[in-house]
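Heads up: the structure comes next, in structure tokens.
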Amino acid sequence: MKISDYPDDKLIAQCIAGQQSAWEELIARYEKLIYSTALRTGLQPNEADEVFQNVCLILLKELKHLRQTNSLGAWLVTTIRRECWALWRHEKINLEELDEQFASDESPENLAQHVEDAQKVISAFKQLGEPCHQLLWRLYFNEENTSYAEIARDLNISPNSIGPTRSRCLEKLKTILISNNF
């Protein structure tokens, strides 16, 4: 059996054992998923490159700790989304940054559109009810890197329901954005 035929769990075991070709195969296997997921969130290609790099570093760091290696794709999608939100959070425009933005080469029309879009997303986020508001805040905006178990305990929900609840909450956010003509 050649390495490209290995299932994810065997490939991950080989990566943990230090086999470089296994790491290269693992990245090649999931490269398109990482990029396409990042781009579907609305990131530009250079931002998707940054997310790709961050996700690969996180994967490398977390390989030994992955519990369900047979669902690596789902784990990656969650990690990609978190990194996209983190990138958005760090790049959001606030009033102190506006002066720097105006001094850049970006046109005033593009800057105004960017600010307007960010305000719409923030407004839609504020319209979310509970537990969506708290869950999405904890997953994507909170500076602390808390585990699902801690979030579940704090929000009084099952750790296994975080993923499905997150999906429903993101759909609600999307619906609010669409209804607000975003």
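Taking first residues from region 166-182 that are assigned by TED's automatic domain parsing to the domain that holds Tyr140 and partners that are outside any helix (DSSP H, G or I) and surrounded by fewer than 12 Cβ atoms within 10 Å (Cβ to Cβ), the Cβ contacts under 9 Å between residues at least 6 apart in sequence or on separate chains come to Lys172/Gly129.
Considering Asn180, Asn156, which residue is farther than 30 Å from Glu31 by Cα and at pLDDT below 80?
On the way: Asn156 fails: at pLDDT below 80.
Result of the check over Asn180, Asn156: Asn180.
Residues that are polar (S, T, N, Q) and modelled with pLDDT of 85 or more were ranked within region 39-74; the one that is nearest to the chain's Cα centre (by Cα) is Asn54. The set of residues in region 59-79 that are assigned to a helix (DSSP H, G or I) and within 16 Å of Tyr148 (Cα to Cα) comprises Glu62, His65, Ala74, Trp75, Leu76, Val77, Thr78, Thr79.
Listed by first and then second residue, the pairs with beta-carbon distance under 7 Å, at least 6 apart or on different chains, first residue in region 132-146 and assigned by TED's automatic domain parsing to the domain that holds Leu170 and outside any helix (DSSP H, G or I), second modelled with pLDDT of 80 or more and not aromatic (Phe, Trp, Tyr), are Thr146/Arg138.
Residues in region 1-43 that are farther than 22 Å from Arg67 by Cα and hydrophobic (A, V, I, L, M, F, W, C): Met1, Ala38, Leu39, Leu43. Scanning region 33-51 for residues being buried (at least 18 other Cβ atoms within 10 Å of the Cβ) and either in contact with a strand residue (DSSP E or B) (Cβ under 7 Å, 6 or more places away or on another chain) or farther than 20 Å from Asp117 by Cα (or both) gives a total of 4.
The values are calculated or read from the model by the stated rules, or taken from the named source; none is laboratory data. From a predicted model like this one, the values you see are computed outputs, not experimental measurements. Note that we place each Cβ from the backbone using ideal geometry, even for glycine, and neighbour counts take in every protein chain shown.
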